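Input: a single structure, listed below in structure tokens.
The values are calculated or read from the model by the stated rules, or taken from the named source; none is laboratory data. Quick caveat, the model's predicted, so the values are computed rather than measured. Don't worry about glycine lacking a Cβ; one is built from the backbone with ideal geometry, like all the others, and counts go over all protein chains shown. Please note that ligands, DNA and RNA were not included when accessible areas were found on the heavy atoms of the full protein model with its side chains. Shrake-Rupley method; radii C 1.70, N 1.55, O 1.52, S 1.80 Å.
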Amino acid sequence: FRGVYNVYAHSSGTADRPVIITARFHDDPPVLHSFDPTGSSEFARPALSTDGEENVHHVIFDGLIIDGAITLSGGHHNMVQNVDCTHGWGPCDGNWACIRIEACTECVAHHNFVHDVEDTAGHCAGSGWEPRESGLKEFTATRVIWEYNTVRTTVRWGYDLHRNSDSPTVRFNRFENITGGSVIRVNRATDSRVYGNVVSGSGSCVQVLLPDEEEPVPQYSEVHHNTCAFTAFAVNTNGDVHTTIRDNAAYGLPAGSNERGNVNAPGGSHPHTIDHNGWDSNTFFHVELYDNGVQYDTLAAWQSATGYDTNSQAAPGGYCTFVDPPADVADLEYDLRLTGGCTTLASDGDEVGAYGLSECVGHDCAPACE
């Protein structure tokens, strides 16, 4: 695979004997490209893919370096693990990403390092479209798990669930220096779970948008034990998905405005469950955004008006105290473990934030499986 690009997997394995595509020498993995590495800037296809192969199952992509994109499309029980991915790839319609999972059932992406995702070659320039780069991207998949990944420095989203997935899980990931949009974006999904993530970015930490268009049944979302630094919102949800928001920790959120705050939770057909969070009193609480929205300046006013957050706490800069918080979004040297303030605030009497659930977050953690 040395120096080649656009590799497709066509063979299936089994649960006991998966097909593993990896480097012959693990300490010297090849680089797979989504474009001609000799100089052409014309982006072609994913560097490594099961794209369009609906009958390709139990395939593992392991320990490779990707300059472009890696895609799991179709099939079931496929996996991306221990991959270093940069740059990303995609058509200029919002589908740009480093790792993309689409129409895949019970597929997993874990212990990957995704970084510097941007259309630096200007592939989308003049197209009339924005690439809307994302580190991780999901479409129309079922029971996909994203865990123990690090996504660093993307210009739009960290994780973007774009449309109509059922029961996705995003857990124990580290999202760093995500500067252009929501960090964890869940859109049009049924029964999503987002927990145990450490986030530093300028958009919403976790954003739960519209319900799944193909599922008229009541839909739910769990957002808990996330640590959010500098983000415009800790959690921004809507009135059509019942969202449980608990045990989250906020740090250094921006001053309140009609588009910024601790939480936005409009009323709707499904009331939310919100409590045991450590909020930042420098910013607002919302039940609707923008000029016609309703916002509350204090936690006490929010509690009185909505009945939410009865056991939550707020303080300037955030109620929690951390070992070594980052100085700004671009600061990558930090430790967001708790030293005080929130160590008994969670609904189970333990600490809020990511480390209330896991001792380690991100791709450097020991693999959960080999």
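Tabulated results
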quantity: Failed condition for Trp89, given (1) surrounded by fewer than 24 Cβ atoms within 10 Å (Cβ to Cβ); (2) over 23 Å from Val199 (Cβ atoms); calculated: (1)
quantity: Any chance Thr120 is within 29 Å of Asp364 (Cβ to Cβ), open to solvent by less than 50 Å² (accessible area, probe 1.4 Å) and either among the hydroxyl-bearing types (Ser, Thr, Tyr) or free of Cβ contacts under 8 Å to residues at least 12 places away in the same chain (or both); calculated: no
quantity: Test for Asp309: is it of a type outside the set (Lys, Arg), touching a helix residue (DSSP H, G or I) at 6+ places or on another chain (Cβ under 6 Å), modelled with pLDDT of 95 or more and in a loop (DSSP other than H, G, I, E, B); calculated: yes
quantity: Matching residues, region 54-91, being touching a Leu at 6+ places or on another chain (Cβ under 7 Å) and either closer than 11 Å to Ala9 by Cβ or among the hydroxyl-bearing types (Ser, Thr, Tyr) (or both); calculated: Phe61, Ile70, Asn78
quantity: Residue tally, condition open to solvent by 50 Å² or more (accessible area, probe 1.4 Å) and either assigned to a loop (DSSP other than H, G, I, E, B) or of a type in the set (Lys, Arg) (or both), over region 319-359; calculated: 14
quantity: In region 337-370, the residues that are over 27 Å from His115 (Cβ atoms) and among the hydrophobic types (A, V, I, L, M, F, W, C); calculated: Cys342, Leu345, Ala346, Val352
quantity: Region 178-193 - residue that is closer than 24 Å to Gly356 by Cβ and surrounded by fewer than 22 Cβ atoms within 10 Å (Cβ to Cβ) and, of those, nearest to the chain's Cα centre (by Cα); calculated: Arg193
quantity: Where a residue in region 190-214 is part of a loop (DSSP other than H, G, I, E, B) and its partner, wherever it lies, is among the β-branched types (Val, Ile, Thr) and open to solvent by 10 Å² or more (accessible area, probe 1.4 Å), with Cβ under 6 Å and at least six apart; calculated: Ser202/Thr179; Ser202/Val329
quantity: Test: Glu102 is crowded, with 24+ Cβ neighbours inside 10 Å, under 17 Å from Thr169 (Cβ atoms) and touching a Leu at 6+ places or on another chain (Cβ under 8 Å); calculated: no
quantity: Qualifying position, being more than 18 Å from Pro18 (Cα to Cα) and out of contact with any Pro (no Cβ under 6 Å at 6 or more places or on another chain), among Ala47, Ala109; calculated: Ala47
quantity: Qualifying residue in region 291-299 (condition: out of contact with any Pro (no Cβ under 8 Å at 6 or more places or on another chain) and part of a strand (DSSP E or B)); calculated: yes
quantity: Output for region 204-245, where each listed residue is at pLDDT below 90 and under 30 Å from Leu332 (Cα atoms); calculated: Leu209
quantity: Residues being among the hydroxyl-bearing types (Ser, Thr, Tyr) and either within 23 Å of Leu209 (Cα to Cα) or open to solvent by less than 40 Å² (accessible area, probe 1.4 Å) (or both) - total across region 274-316; calculated: 6
quantity: Residues that are more than 20 Å from Ser347 (Cβ to Cβ), small (Gly, Ala, Ser) and either touching a Lys or Arg at 6+ places or on another chain (Cβ under 6 Å) or open to solvent by less than 40 Å² (accessible area, probe 1.4 Å) (or both), drawn from region 237-256; calculated: Gly239, Gly252, Gly256
quantity: Scope region 124-141; condition at negative phi and either of a type outside the set (Ser, Thr, Tyr) or free of Cβ contacts under 8 Å to residues at least 12 places away in the same chain (or both); matching residues; calculated: Cys124, Ala125, Trp129, Glu130, Pro131, Glu133, Gly135, Leu136, Lys137, Glu138, Phe139, Ala141
quantity: Single unsatisfied condition, Ser165 versus (1) more than 19 Å from Ala109 (Cα to Cα); (2) modelled with pLDDT under 95; calculated: (1)
